[in-house]
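Below is one structure, written out as structure tokens; comments come after it.
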Amino acid sequence: MSCIACFIDNNNQKKLKKNCFGLDRFELKLKKYKESFLENIKKLKSISECDCEFRNNNSEYVQWTDSFLEETLNNISVIEDTFDDIISIYISYISENTKIATDKIWSFLQQNDLLNETESGFTYSTIYFRARIYDKTFNKSDINNFLHIPFNKRGLVGNQRFSVSGQPMLYLGKSIYGIKKELSTPINNLAISAFIPYYKDFYSKKYFTIKNTLFDTIAKTLPEIAKDHEIDYDDSFLTPNRNSIKKDIKKSIFSQILTFPVEKKSSFISEYVLPQMTTTALLENNFNGIVFPSTKDFSELKNYNIRSDHESNFAIFVNYSESNQYDDELLKNLLHFTLNGKEEFNHSVYEILNKFELVFELNRKSNYHNFIAPLISLRLQVEYLEKSKIDGIEYYETSYGKIELEFYSKVADFYLSIIK
Ligand SMILES: [Zn+2]
């Protein structure tokens with residue numbers, strides 16, 4: 001038995017998608033995924049009756065999620081149509097050509113009003129990490145070596161889920177654990193840097209988000225709000241609501257299909273077709289980047305706060321320069337940190353949170369306000385992972401956690417140097 005929360009959880013969706021492995025054409029996998037999605041959604045029970053971790057008896061919350069489920073079941077045809085539309089775009093790519101299919105993906109996003117939900121600039125005003133496999137041929141302390149693949153080395157830009165071969169982008173990850181997963185390389189062989197986008201430069205830009213927004217709302221946000229507020233599915237001031245259902249369903253299915261796991265890596269990867277065409281369409285239409293979840297397996301990380309987005313990636317599009325090898329303007333929009341080789345990686349969570357507190361306190365007395373947002377977000381990220389463990393070792397005792405704390409310490413020191 002499942003409820004709407006454990007059904008739309010990425011882990012469950014990944015299971016449904018992996019059940020389609022073995023079919024020899026991606027279009028067949030998509031059709032099978034559609035069938036099992038529909039079959040399972042029709043059997044869902046109330047969150048109050050489910051035996052999963054999301055079970056909840058708060059009457060406000062139960063009523064909201066029951067109404068949501070009822071409305072979803074009233075819109076089964078929207079689910080079917082959305083799958084069919086996306087599958088037909090994929091078929092257009094394999095049977096017609098890239099240009100036609102890319103235009104179709106753009107019309108799909110436009111006609112369904114899925115493009116105008118860019119998140120507030122504050123969402124990006126936080127720390128991101130960037131790593132490269134360290135082959136001893138570059139200086140690990142020079143931030144230029146971390147920006148993006150230089151314009152004269154385009155040939156090195158490979159085929160990735162959201163990256164078109166030959167088109168450099170700045171790839172960032174929300175946690176060092178996440179980037180290690182993305183690069184499939186032991187942490188000791190990575191050179192690592194950190195970036196914090198300046199709010200003033202990022203708030204007005206357009207980033208497209210591939211995210212399980214419905215799950216985030218239903219499993220993460222609403223249970224908290226419902227504790228001491230009334231929530232009403234018919235309230236049009238809060239989204240999702242009864243009027244947004246069609247859009248919620250479409251965006252959710254689009255995100256799930258774009259993160260379809262790869263069964264076999266080869267020179268042509270069917271699962272990358274739709275994500276790469278989405279990237280191309282966004283590039284052509286003046287978007288500045290894309291936020292997407294990792295599709296790697298994070299199951300050995302246990303006991304983390306459900307709000308943690310350690311799996312999130314952020315790819316920033318770069319502007320071509322004729323005279324420079326890098327997008328130097330982009331670098332000016334980012335606060336950045338590298339390691340100098342002298343770090344001891346021995347900071348404790350307690351010490352770092354105290355350091356943040358000191359910055360907050362001094363900040364209140366000063367006229368600098370631009371680093372409150374990143375610091376609040378860093379503090380939350382520390383708290384979300386504080387009790388988590390990998391193979392029984394607390395996250396901040398692992399090398400991932402230790403390196404993150406080192407960067408957090410550098411960030412706090414940098415802010416302190418400005419305030420003092
Ligand atoms: Zn459940």
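Residues that are closer than 23 Å to Cys52 by Cα, more than 16 Å from the chain's Cα centre (by Cα) and not in a helix (DSSP H, G or I) within the stretch 182-233 comprise Ile231, Tyr233, listed in sequence order. Just so you know, in the stretch 176-217 the residues that are touching a Phe, Trp or Tyr at 6+ places or on another chain (Cβ under 7 Å) and polar (S, T, N, Q) include one that is surrounded by the most Cβ atoms within 10 Å (Cβ to Cβ), and it is Ser193. Would you check if Thr82 is over 15 Å from Met1 (Cα atoms), within 15 Å of the ligand (Cβ to nearest atom) and within 26 Å of the chain's Cα centre (by Cα)? For Thr82, the condition - over 15 Å from Met1 (Cα atoms), within 15 Å of the ligand (Cβ to nearest atom) and within 26 Å of the chain's Cα centre (by Cα) - is not met. Filter the stretch 140-159 for residues that are of a type in the set (S, T, N, Q) and surrounded by 11 or more Cβ atoms within 10 Å (Cβ to Cβ); which is modelled with the lowest pLDDT? For the stretch 140-159, the residue satisfying everything is Asn159.
The residues in the stretch 61-102 that are in contact with an Asp or Glu (Cβ under 8 Å, 6 or more places away or on another chain), within 19 Å of Phe268 (Cα to Cα) and of a type in the set (Gly, Ala, Ser) can be counted, and the count is 0. Taking the numbered list (1) small (Gly, Ala, Ser); (2) modelled with pLDDT of 95 or more; (3) away from the ligand (no atom under 16 Å from the Cβ) in turn, Ser59 passes all entries but (2). Those residues that are loosely packed, with under 15 Cβ neighbours inside 10 Å and over 28 Å from the mean Cα position of the chain (by Cα), I need them from the stretch 52-74; list them, please. The answer is Asn57, Ser59, Glu70, Asn74. Restricting the stretch 274-294 to residues that are crowded, with 20+ Cβ neighbours inside 10 Å and among the β-branched types (Val, Ile, Thr) leaves a set whose member that is nearest to the chain's Cα centre (by Cα) is Val291. Of all the criteria given as (1) within 16 Å of the ligand (Cβ to nearest atom); (2) in a loop (DSSP other than H, G, I, E, B); (3) buried (at least 18 other Cβ atoms within 10 Å of the Cβ), the one not satisfied by Glu49 is (3). Every condition in (1) crowded, with 20+ Cβ neighbours inside 10 Å; (2) under 28 Å from Ala281 (Cβ atoms); (3) polar (S, T, N, Q) holds for Asn10 except the one numbered (1). Of the residues making up the stretch 1-39, those that are in contact with a Lys or Arg (Cβ under 8 Å, 6 or more places away or on another chain) and either more than 16 Å from the ligand (Cβ to nearest atom) or in a loop (DSSP other than H, G, I, E, B) (or both) number 9. Here Gly158 meets each of (1) of a type outside the set (S, T, N, Q); (2) within 21 Å of Lys332 (Cβ to Cβ); (3) part of a loop (DSSP other than H, G, I, E, B) with one exception, condition (2).
Looking at Lys99, is it within 13 Å of the ligand (Cβ to nearest atom) and of a type in the set (Lys, Arg)? No, not satisfied.
Condition check ((1) free of Cβ contacts under 8 Å to residues at least 24 places away in the same chain; (2) among the small types (Gly, Ala, Ser); (3) touching a strand residue (DSSP E or B) at 6+ places or on another chain (Cβ under 7 Å); (4) under 21 Å from Ala219 (Cβ atoms)) across all residues:
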{"site": "Met1", "(1), (2), (3), (4)": "no, no, yes, yes"}
{"site": "Asp9", "(1), (2), (3), (4)": "no, no, no, yes"}
{"site": "Glu35", "(1), (2), (3), (4)": "yes, no, no, no"}
{"site": "Phe54", "(1), (2), (3), (4)": "no, no, yes, yes"}
{"site": "Asn58", "(1), (2), (3), (4)": "no, no, no, yes"}
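Among the candidates Leu362, Leu358, Leu353, Leu339, the residue that is touching a residue at least 60 places away in the same chain (Cβ under 8 Å) and either touching a Cys at 6+ places or on another chain (Cβ under 9 Å) or surrounded by 13 or more Cβ atoms within 10 Å (Cβ to Cβ) (or both) is uniquely Leu339.
The values are calculated or read from the model by the stated rules, or taken from the named source; none is laboratory data. These numbers come from a predicted model, not from an experiment. Please note: Cβ atoms are built from the backbone with ideal geometry, for glycine as well, and neighbour counts cover all protein chains shown.
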